[in-house]
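The values are calculated or read from the model by the stated rules, or taken from the named source; none is laboratory data. Worth saying up front: this structure is predicted, and the values here are computed from it rather than measured. Don't worry about glycine lacking a Cβ; one is built from the backbone with ideal geometry, like all the others, and counts go over all protein chains shown. Side chains are part of the model used for accessible areas, which takes the heavy atoms of the whole protein and leaves out ligands, DNA and RNA. Shrake-Rupley method; radii C 1.70, N 1.55, O 1.52, S 1.80 Å.
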Amino acid sequence: MPAADPHKPLRDDVRLLGELLGDTIRTHAGEGIFAMVERVRALAKSARAGNDADFRVLADELSRMAVDDALPVARAFAHFLHLANIAEQHHRVRRRRAYLRDPRAAPQRGSCADAFARLLAGGVTPERLHDAVSALQVELVLTAHPTEVARRRLVQKHNRIAAALAMRDRPDLTAPEQQDLVADIRREIQAAWGTGDVRSQRPTPIDEVRSGLIVFEQSLWEALPSYVRSLDRALRASTGRPLPIDAAPVRFGSWIGGDRDGNPHVTPDVTRRAWLLARWVAAGMYLRDIELLRDELSIETATEELRGLVPGSQEPYRELLRTVRRRLAATRAWVEACLRVTDVPPPDADVYLEAGDLSDALLVCYRSLQATGHARIADGKLTDVLRRVAAFGVTLARLDIRQDSARHTAALAAITSALGLGSYAEWDEAARLAFLVGELQSRRPLIPDDLDANADVRDVLETFRTIAAAPPGSLGAYVITMTQSASDVLAVVVLQRALRVASPLRVVPLFETSRDLQQAGAIVDTLLGEPAYRDRIGGRQEVMIGYSDSAKDVGRVTAGWELYKAQEAIVAVCARHGVSVTLFHGRGGSVGRGGGPTHLALQSQPPGSIDGTLRVTEQGEMLQALFGFPEIALRTMEVYTTGTLEAWLTPVRAASEAWRACMERLSEDAREDYRRIVYDDPRFIDYFHDSTPAAEIGEMNIGSRPARRGGGSSVAGLRAIPWQFAWTQTRLMLGAWLGVEEALDRAVGRGEAPQLAAMYREWPAFQSAIDLIEMVLAKADGRIAAEYDRRLVPPGLQPLGDDLRARLARAIAAVRAVSGHSDLLEATPVIRRSIDVRNPYVDPLNLVQVELLRRMRERPDPRVHTALMVTVNGIAAGMRNTG
């Protein structure tokens with residue numbers, strides 16, 4: 001008897017959701033629109049099956065469609081893609097639960113049980129494994145970016161649909177219950193159809209803060225203790241020892257409301273409100289937890305330690321928790337008072353400012369239960385709350401501050417000019433370092449009381465005053481964009497001291513352009529060579545490496561190699577100075593910005609670059625995909641845990657000199673080709689603006705940050721996120737593969753094909769690079785991209801598009817040759833199937849978008865603009881990791 005198809009439930013869910021959406025379209029848009037949608041779908045499927053004639057029919061019919069028809073048709077396909085994503089995410093949960101239910105199944109790949117068994121089999125001792133897991137520090141930093149197109153109200157409806165799908169999987173449901181669940185899903189789909197797809201106003205940074213906090217409320221709060229329990233079970237089974245009660249292998253940070261780099265809307269007051277709102281949400285969720293604990297802990301037996309805190313109480317646990325409840329309520333009230341005024345009023349003694357104040361009382365209860373024979377009760381809800389306190393503190397996520405180095409230079413220039421020392425901005429690096437080191441050793445005030453500064457300088461100084469006023473634990477790191485010298489880091493250290501920041505934030509240089517990555521090791525070396533700085537860092541330096549700007553600067557292939565070498569150099573320099581290093585990876589959602597499968601990315605890091613500490617950004621559009629549902633969030637944290645442990649405890653062997661030399665040649669060839677096309681060809685920037693919806697995306701209400709760092713229309717001035725997003729919309733995906741075709745072809749021409757195959761088999765970093773590009777190429781579609789050129793690009797520029805699509809075909813052939821795959825993604829059929837299912841629904845959105853772009857550029861029309869935004873939303877949903 002053939003084995004049951006494990007993916008049939010996914011197909012059944014997609015079919016059900018599609019049918020319910022079809023019923024909704026019939027009811028609310030009419031039979032005519034429904035018939036039109038079905039015809040478009042049939043033509044798209046036929047075209048995908050190889051019928052070129054039907055593709056031309058489809059393209060022509062959509063080009064003639066009236067806007068009043070184009071909007072509901074675009075909405076239909078966009079909504080279906082969102083529903084398919086919901087079904088796919090739920091299926092991931094379903095497959096995980098199937099693994100856990102089957103006693104004969106091997107542990108799921110990437111799970112704690114799987115990873116721990118492999119580590120022990122590979123020679124890691126149980127003691128070493130336990131110590132490593134207990135010391136692990138992974139911090140996932142949530143960010144907001146202008147490709148997060150899904151509206152909050154729609155996301156909430158989608159979550160309720162997912163919950164109903166999960167309920168339908170229960171084997172004991174009655175027929176009426178099944179009918180009720182289908183009715184619930186139908187109502188949510190109808191409500192989503194009746195909700196506007198695009199925002200009428202651009203979100204403010206505080207809107208983005210609130211959206212980020214929803215992830216904690218709807219998912220992470222529940223997922224975190226479940227994740228730690230699964231980790232603890234696997235650790236006990238593998239080592240015989242539990243996870244310490246105060247261990248927090250995964251924590252969370254945030255940039256939302258603190259990232260002011262190029263975003264004039266992120267003000268000091270926004271930053272203040274961001275950390276206040278996080279504390280407010282945390283206090284509210286802890287209040288709910290404490291109420292549940294008080295209901296449970298009516299036990300009368302207790303230790304003298306506990307009774308000493310609540311003398312005479314018959315229910316000592318409930319009495320102590322009553323105090324905790326009162327203090328949490330006082331904390332919420334204090335935050336609310338702070339949000340009503342511009343200055344932070346001093347808190348009274350009841351307010352929880354630090355996590356230790358909260359955990360101390362809970363640990364008294366925990367120790368008492370353990371000592372009085374109630375260990376099982378201690379290991380229940382109380383342990384879950386303690387795990388939350390260890391991971392979330394009283395702030396949920398510590399807020400990072402990010403600012404461009406040039407803004408600090410301007411502030412110091414204003415100060416030195418006012419002091420009669422000349423302009424700091426005009427000094428060379430040696431003079432700057434001498435001044436800054438001197439200031440660290442000086443006792444005089446640096447900033448004159450009567451400093452006459454412009455608005456930008458005042459903003460910088462006020463930001464540091466905001467940092468100084470924040471309670472401990474509210475803020476994380478101070479990240480410096482465009483770090484180009486050691487003085488850029490010391491400048492922030494000095495400004496924190498000058499503005500009386502009592503608990504200075506750790507200062508993190510961010511290296512992101514190709515040039516800066518090449519200089520990263522030397523800059524860190526100079527920095528650590530200054531005793532006045534090294535004495536302040538507690539033996540650990542954090543360094544951030546940025547994937548976005550480097551890829552836009554020199555192409556993905558070269559950027560990947562420069563990032564690899566920069567990490568090697570930073571690790572070597574820190575080791576030479578006797579300083580530990582935490583690498584902070586600025587990854588985005590798309591492969592062109594460092595995105596891709598987490599486990600693969602971690603295994604491909606240079607040996608020694610992960611020492612049990614890791615920070616990684618997770619951007620706005622990926623938050624729902626990675627953390628939207630509790631069990632998905634649990635799996636995300638698990639994969640980060642196991643990937644980090646394996647990279648730390650069993651690092652891959654270093655690449656041979658021959659492989660490095662080959663990679664150097666590939667990098668140089670890819671860089672030369674990429675730069676020649678993107679930066680040196682004067683036609684390219686016009687082609688980019690004509691062939692993509694980049695300009696129109698910049699006008700969308702999908703993020704608080706501008707799409708450009710400054711004025712002008714050059715590629716250099718464009719932010720990396722909309723750059724990748726625009727190419728994803730047209731399906732050319734150029735930003736993630738351009739240059740690989742020329743580099744690999746030249747390598748084969750030099751007779752290096754056997755070496756490339758060996759590198760792919762045996763060097764995880766090279767295999768990761770090729771596999772990620774292969775995934776991008778599988779999503780790319782030259783035929784769709786050609787339609788943008790045919791209708792939007794002037795004849796004089798169309799040869800450039802022809803060349804780029806020919807390069808796309810070359811890239812596909814070259815990558816297949818290196819990987820040995822007959823078809824793209826043949827080694828990852830789940831991803832291949834996901835792409836194939838979506839293509840017939842994404843294709844019509846692309847073809848509608850092309851026509852809407854043409855009409856908008858000829859004659860702007862609000863109705864056309866709305867329909868265009870729907871296509872952007874739908875294509876983003878279909879392509880998943882978009883920006």
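Within the set of pairs 6 or more residues apart or between chains, which connect a residue that is buried (at least 19 other Cβ atoms within 10 Å of the Cβ) inside region 247-273 to a residue that is in a helix (DSSP H, G or I) and of a type in the set (Asp, Glu) with Cβ atoms less than 6 Å apart?
Close Cβ pairs satisfying both conditions: Ile256/Glu208; Pro268/Glu462.
Filter region 764-797 for residues that are out of contact with any Lys or Arg (no Cβ under 9 Å at 6 or more places or on another chain) and among the β-branched types (Val, Ile, Thr) and give the result.
Ile770, Val793
Among the residues of region 850-869, is any without any contact (Cβ under 8 Å) to a residue 60 or more places away in the chain and over 20 Å from Ser691 (Cα atoms)?
yes
Out of everything in region 426-443 that is modelled with pLDDT of 95 or more and open to solvent by 50 Å² or more (accessible area, probe 1.4 Å), what residue ends up being nearest to Tyr533 (Cα to Cα)?
Residue satisfying both the conditions and the ranking: Ala434.
Within region 477-498, can you find the residues that are part of a loop (DSSP other than H, G, I, E, B) and either surrounded by fewer than 20 Cβ atoms within 10 Å (Cβ to Cβ) or at pLDDT below 95 (or both)? Working first, answer last.
Kept after step one, since they are part of a loop (DSSP other than H, G, I, E, B), are these residues of region 477-498: 482-485.
Met482, Gln484 - these are the residues of region 477-498 that are part of a loop (DSSP other than H, G, I, E, B) and either surrounded by fewer than 20 Cβ atoms within 10 Å (Cβ to Cβ) or at pLDDT below 95 (or both).
Cβ-Cβ below 9 Å, separation at least six or inter-chain, first residue in region 294-307 and over 14 Å from Ala375 (Cβ atoms), second open to solvent by 80 Å² or more (accessible area, probe 1.4 Å): which pairs?
Pairs that qualify, where the first residue is over 14 Å from Ala375 (Cβ atoms) and the partner is open to solvent by 80 Å² or more (accessible area, probe 1.4 Å), are Arg294/Arg322; Glu296/Lys381; Glu300/Gln314; Glu305/Arg367; Leu306/Arg367.
I need the full set of residues from region 672-688 which are assigned to a helix (DSSP H, G or I) and either more than 18 Å from Ala736 (Cα to Cα) or touching a Gly at 6+ places or on another chain (Cβ under 6 Å) (or both), in order please. Full working, then the answer.
From region 672-688, those assigned to a helix (DSSP H, G or I) are 672-680, 684-688; that's our starting set.
Listed by number, the residues that qualify are Asp673, Tyr674, Asp680, Asp686.
Just a yes or no: is a residue in region 223-237 open to solvent by less than 40 Å² (accessible area, probe 1.4 Å), without any contact (Cβ under 8 Å) to a residue 24 or more places away in the chain and part of a helix (DSSP H, G or I)? Break it down into steps so the answer makes sense when it comes.
We begin by selecting, within region 223-237, every residue open to solvent by less than 40 Å² (accessible area, probe 1.4 Å); these are 223-225, 227-228, 230-232, 234-235.
Checking the rest, the ones that are also without any contact (Cβ under 8 Å) to a residue 24 or more places away in the chain come to 232.
With part of a helix (DSSP H, G or I) added as a condition, the list becomes 232.
The answer is yes, given that some residue of region 223-237 is open to solvent by less than 40 Å² (accessible area, probe 1.4 Å), without any contact (Cβ under 8 Å) to a residue 24 or more places away in the chain and part of a helix (DSSP H, G or I).
How about region 654-668: which of its residues are open to solvent by less than 30 Å² (accessible area, probe 1.4 Å) and either free of Cβ contacts under 8 Å to residues at least 60 places away in the same chain or small (Gly, Ala, Ser) (or both)?
Start the filter on region 654-668 by keeping residues that are open to solvent by less than 30 Å² (accessible area, probe 1.4 Å), which leaves 655, 659, 662-663, 666-667.
Across region 654-668, the qualifying residues are Ala655, Ser667.
Enumerate the helices (runs of 4 or more DSSP H) found wholly within region 52-123, keeping only those where 3 or more residues are of a type in the set (A, V, I, L, M, F, W, C) and open to solvent by 50 Å² or more (accessible area, probe 1.4 Å). Quick ask: steps written out before the conclusion?
Numbers: elements: 52-63, 67-101, 112-121.
Because the criterion is at least 3 residues that are of a type in the set (A, V, I, L, M, F, W, C) and open to solvent by 50 Å² or more (accessible area, probe 1.4 Å), the helices (runs of 4 or more DSSP H) in region 52-123 that meet it are 112-121.
Could you please find all residues in region 554-574 being at pLDDT 95 or above and not in a helix (DSSP H, G or I)?
Across region 554-574, there are no qualifying residues.
List the number of the failed condition for Asp450; all other conditions in (1) within 27 Å of the chain's Cα centre (by Cα); (2) farther than 25 Å from Met544 by Cα; (3) of a type in the set (D, E, K, R) hold.
Tallying (1) within 27 Å of the chain's Cα centre (by Cα); (2) farther than 25 Å from Met544 by Cα; (3) of a type in the set (D, E, K, R), Asp450 fails exactly one: (1).
Within region 176-222, work out how many residues are assigned to a helix (DSSP H, G or I) and of a type in the set (S, T, N, Q).
First, pick out the residues of region 176-222 that are assigned to a helix (DSSP H, G or I): 176-193, 205-222.
Next, only the ones that are of a type in the set (S, T, N, Q) stay: 178-179, 190, 211, 218-219.
Residues flagged as assigned to a helix (DSSP H, G or I) and of a type in the set (S, T, N, Q) within region 176-222 amount to 6.
Take Ala132 and tell me if it is closer than 27 Å to Thr582 by Cβ and open to solvent by less than 40 Å² (accessible area, probe 1.4 Å).
Yes, satisfied.
How about region 14-47: which of its residues are surrounded by fewer than 17 Cβ atoms within 10 Å (Cβ to Cβ) and farther than 17 Å from His82 by Cβ?
Arg26, Thr27, Gly30, Glu31, Gly32, Ala35, Glu38, Arg39, Ala42, Lys45, listed by residue number.
Considering only residues that are small (Gly, Ala, Ser), over 26 Å from the mean Cα position of the chain (by Cα) and more than 27 Å from Asp54 (Cα to Cα), which ones fall in region 812-865? Step through it out loud before you land on a result.
If we filter region 812-865 for residues that are small (Gly, Ala, Ser), which is where we start, we get 813-814, 817, 819-820, 822, 827, 834.
This time we only want the ones that are over 26 Å from the mean Cα position of the chain (by Cα), so: 813-814, 817, 819-820, 822.
If the condition is that a residue be small (Gly, Ala, Ser), over 26 Å from the mean Cα position of the chain (by Cα) and more than 27 Å from Asp54 (Cα to Cα), then Ala814, Ala817, Ser819, Gly820 are the ones that fit.
Go through region 501-515 residue by residue and tally those that are at pLDDT 95 or above and either over 23 Å from the mean Cα position of the chain (by Cα) or farther than 24 Å from Phe464 by Cα (or both).
Here the count works out to 2.
Could you please let me know if Val616 is in a helix (DSSP H, G or I) and either at pLDDT 90 or above or aromatic (Phe, Trp, Tyr) (or both)?
Values: in a helix (DSSP H, G or I): no; either at pLDDT 90 or above or aromatic (Phe, Trp, Tyr) (or both): yes.
Against the criterion (in a helix (DSSP H, G or I) and either at pLDDT 90 or above or aromatic (Phe, Trp, Tyr) (or both)), Val616 does not qualify.
Among the residues of region 617-653, which ones are touching a Ser or Thr at 6+ places or on another chain (Cβ under 8 Å), within 19 Å of Asp400 (Cβ to Cβ) and open to solvent by less than 20 Å² (accessible area, probe 1.4 Å)?
Thr617, Glu618, Gln619, Gly620, Phe627, Tyr640
Please specify each residue of region 308-330 satisfying the condition of being assigned to a loop (DSSP other than H, G, I, E, B) and either in contact (Cβ under 8 Å) with a residue 24 or more places away in the chain or buried (at least 17 other Cβ atoms within 10 Å of the Cβ) (or both).
Filtering region 308-330 down to residues assigned to a loop (DSSP other than H, G, I, E, B) leaves 310-315.
Once the filter is applied, which keeps residues that are assigned to a loop (DSSP other than H, G, I, E, B) and either in contact (Cβ under 8 Å) with a residue 24 or more places away in the chain or buried (at least 17 other Cβ atoms within 10 Å of the Cβ) (or both), region 308-330 yields only Val310.
Given the condition surrounded by 17 or more Cβ atoms within 10 Å (Cβ to Cβ), within 25 Å of Arg671 (Cα to Cα) and of a type in the set (Asp, Glu), answer yes or no: does some residue in region 525-547 qualify?
no
Assess whether Val281 counts as being assigned to a helix (DSSP H, G or I) and either touching a residue at least 40 places away in the same chain (Cβ under 8 Å) or of a type in the set (Ser, Thr, Tyr) (or both). Give the steps one after another, and end with the answer.
On the way: assigned to a helix (DSSP H, G or I): yes; either touching a residue at least 40 places away in the same chain (Cβ under 8 Å) or of a type in the set (Ser, Thr, Tyr) (or both): yes.
Considered against the rule, which asks whether it is assigned to a helix (DSSP H, G or I) and either touching a residue at least 40 places away in the same chain (Cβ under 8 Å) or of a type in the set (Ser, Thr, Tyr) (or both), Val281 comes out as yes.
Within region 331-377, which residues are assigned to a loop (DSSP other than H, G, I, E, B), open to solvent by 60 Å² or more (accessible area, probe 1.4 Å) and among the charged types (D, E, K, R)? Spell out the reasoning first.
The initial filter retains those residues of region 331-377 that are assigned to a loop (DSSP other than H, G, I, E, B), namely 341-354, 372-374.
When the remaining residues are screened for being open to solvent by 60 Å² or more (accessible area, probe 1.4 Å), the result is 341-343, 346, 348-349, 354, 373.
The answer is Asp343, Asp348, Glu354.
Among the residues of region 378-395, is there at least one that is part of a loop (DSSP other than H, G, I, E, B), at positive phi and out of contact with any strand residue (DSSP E or B) (no Cβ under 9 Å at 6 or more places or on another chain)? Lay out the reasoning, then the answer.
Of all residues in region 378-395, those part of a loop (DSSP other than H, G, I, E, B) come to 393-395.
Those left that are additionally at positive phi: 393.
Still in the running and out of contact with any strand residue (DSSP E or B) (no Cβ under 9 Å at 6 or more places or on another chain): none.
Looking for residues that are part of a loop (DSSP other than H, G, I, E, B), at positive phi and out of contact with any strand residue (DSSP E or B) (no Cβ under 9 Å at 6 or more places or on another chain), one finds none in region 378-395, hence no.
Take Gly751 and tell me if it is small (Gly, Ala, Ser), modelled with pLDDT of 90 or more and not in a helix (DSSP H, G or I). It would help to see each step written out before you state the result.
Working: small (Gly, Ala, Ser): yes; modelled with pLDDT of 90 or more: yes; not in a helix (DSSP H, G or I): yes.
Yes, satisfied.
Anything in region 399-440 that is under 30 Å from Ala247 (Cα atoms) and touching a Leu at 6+ places or on another chain (Cβ under 6 Å)? List them, or say none.
Just the residues of region 399-440 that are under 30 Å from Ala247 (Cα atoms), to begin with: 399-402.
The one that is under 30 Å from Ala247 (Cα atoms) and touching a Leu at 6+ places or on another chain (Cβ under 6 Å): Leu399.
Output the number of residues of region 394-425 satisfying the condition of being open to solvent by less than 30 Å² (accessible area, probe 1.4 Å) and either farther than 20 Å from Leu320 by Cβ or among the polar types (S, T, N, Q) (or both). Explain how you work it out, then say what you get.
Just the residues of region 394-425 that are open to solvent by less than 30 Å² (accessible area, probe 1.4 Å), to begin with: 394-397, 399-403, 405, 408-409, 411-416, 423-424.
Narrowing further to those that are either farther than 20 Å from Leu320 by Cβ or among the polar types (S, T, N, Q) (or both): 395-397, 399-403, 405, 408-409, 411-416, 423-424.
Number satisfying all stated conditions: 19.
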